[in-house]
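Readers should treat all values here as calculations from the given coordinates under stated rules, not as data from a laboratory. Model, not experiment: these values are computed from the prediction. Cβ coordinates were reconstructed from backbone atoms using ideal geometry, including for glycine residues, and neighbour counts include every protein chain displayed.
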Amino acid sequence: MTKVLKVGIIGCGGIANGKHLPSLSKLKNVELVGFCDVIIEKAEIAAEEYGTANAITYVKYQELLEDKSIDVVHVLTPNISHAEISIAALEAGKHVMCEKPMAKTSKEAKEMVEKARSTGKKLTIGYDNRFRPDSQQLHKITSRGDLGEVYFAKAHAIRRRAVPTWGVFLDEEKQGGGPLIDIGTHALDLTLWMMDNYEPKSVMGNIYHVLGKKENSANAWGSWNPNEFRVEDSAFGFITMKNGATITLEASWALNSLDEDEAKCSLSGSEGGADMKDGLRINGEDFGKLYTKSFELDAGGVAYYDGESESHADLEARLWIDSIINDTEPTVKPEQAYVVTQILEAIYESAKTGKAVYFD
C-alpha cells in the first residue's frame, strides 16, 4: 500500500500558488490538509482549491504545527521567518521544505542544519532550478568528469528591468537583501552543485543602489517607488575556493545590459567547458580540433514513468516526497544551501567593509 503523506503549507502567497501547490496536488501520495497565512483569506482560497475536504486553515503557524497528523511542512514565507518557522516545524516532528534562500543570515541557516540533524527529520531548500532539463543534463555531465577539474565558473542572474514591486521584495528588514539573495542565490546554488565544491576560502563583493533611485523607470511589473526600494539593485561577487577555483557571481534586477540571463552558470574545466546561455553547450578539444556540442532539451518538461509531462517544479516536488517515503537524501541538502547563504552574506559584508571575507 502506498504511503500517503499529509502536508501543511505555511505562507499561501505567490510562490505557494505558483509552484508548490500545483505540483504537490498532482502527487497521489500527498494530501494537502493544512493551510496557514497571516491573511486568513489567502489560506482559505488555497484550501478551497487544493486542500482535502476537511482541510483546516490557520493564521498562526504554531497551531498548524500542533496537528500531529501532519508529516511535512512547506515554509513559503518572507525570508525573515524562514529559520524561525523551519526550526519550530522540525522540533514538532515535521519534515521541512523551506523556500530559498535558506535563511536571512548564515547563523540562522546553521541553526536549521543543526536542528535537522538533532531531530532526524529531513530538511531541503527550494532551489528548483536544479530540476530543469538543462540543469539535470549538465549535472550528469559534470558528475561523470567530462569537464575535468572545474577551476573557473560564472554564476549568472541578470535582468535588464524586472524588479519585483509586490510583497516585501524591496524591504531589506524582511528579506535581507535584493537581487543577490533573491535570484543570485539560484545561480550560485547551481554553480556550486555543478562543481561539487562547497569549500569557499575568501569572498570579495560590491553592491550598488543606482537604478533603484530613479523614478518612473521602465519595469516588467510597473515602475517602482524609489522611497520603498531599500535593497541593492545589483551585486557582484568574486569567490575563491579552497582548491584554488574561482567563481564570479553577477546578480541584478535592473542593469543597463543586453546580456540577460538568470539562474544559469558557465563552467571552465581542465578537459572542457559548458554554458547554459543558449540552451546547453559543451565545448572542448578532440584530436587537435576544437568542438562545441549543443543538446536538444525540452525546456517545458520531461516524461516520467506514467507518461505524463513533468515540469521542473513537478520533478522537485516528486523527488522531495520520494526522499521522505524512501528515507533517502533530498536532492538539495541543507548543508549545501548553508554554504550558499554563507557566501551571499560574505558578499554583503565585503561590500560594506571594502575588505575580503575569509572563511575558516
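Miscellaneous remarks
- Amide H partners (placed H, <5 Å) of Leu32, local residues excluded: Val7, Thr52
- Residues Leu297, Leu211, Leu180, arranged from fewest to most other Cβ atoms within 10 angstrom of their Cβ, appear as Leu297, Leu211, Leu180.
- Cβ-derived FRET efficiency at R0 25 Å, Ser118 paired with Ser69, nearest 0.05: 0.60
- Theoretical ellipticity at 222 nm over the chain - DSSP helices of four or more residues, -39500 (n - 2.57) apiece, nearest 500: -8500 deg cm²/dmol
- Cα gyration tensor, the range 85-131 - rounded (a/c under 1.5), prolate or oblate: oblate
- Residue order, fewest to most surrounding Cβ atoms within 10 angstrom, among Arg159, Arg144: Arg144, Arg159
- Interchain or long-range residues, amide H under 5 Å from Ser217's placed H: Trp224
- Separation of alpha-carbon centers, the range 35-56 and the range 98-134, rounded to whole Å: 25
- Taking other Cβ atoms within 10 Å as a rough exposure proxy, Tyr61, Tyr358 sort from fewest to most as Tyr358, Tyr61.
- Pairs exceeding a 22 Å alpha-carbon distance, out of Lys6/Lys60; Lys19/Lys115; Lys6/Lys174; Lys213/Lys352; Lys264/Lys352: Lys19/Lys115; Lys6/Lys174; Lys264/Lys352.
- Set Lys154/Lys242; Lys140/Lys293; Lys104/Lys214 screened for pairs whose C-alpha atoms are more than 22 Å apart: Lys104/Lys214
- Stokes-Einstein D for the chain, Kirkwood Rh over Cα pairs, 4 °C, 1.567 mPa s (µm²/s): 61
- If the convex hull is drawn through the Cα atoms of the range 228-267, its volume per residue in Å³: 96
- In the elastic network of the chain, a GNM with C-alpha springs shorter than 10 Å, the most mobile of Thr105, Thr77, Thr119 is Thr119.
- Average projection, convex hull of the Cα set of the range 229-360: 13.4 square nanometres.
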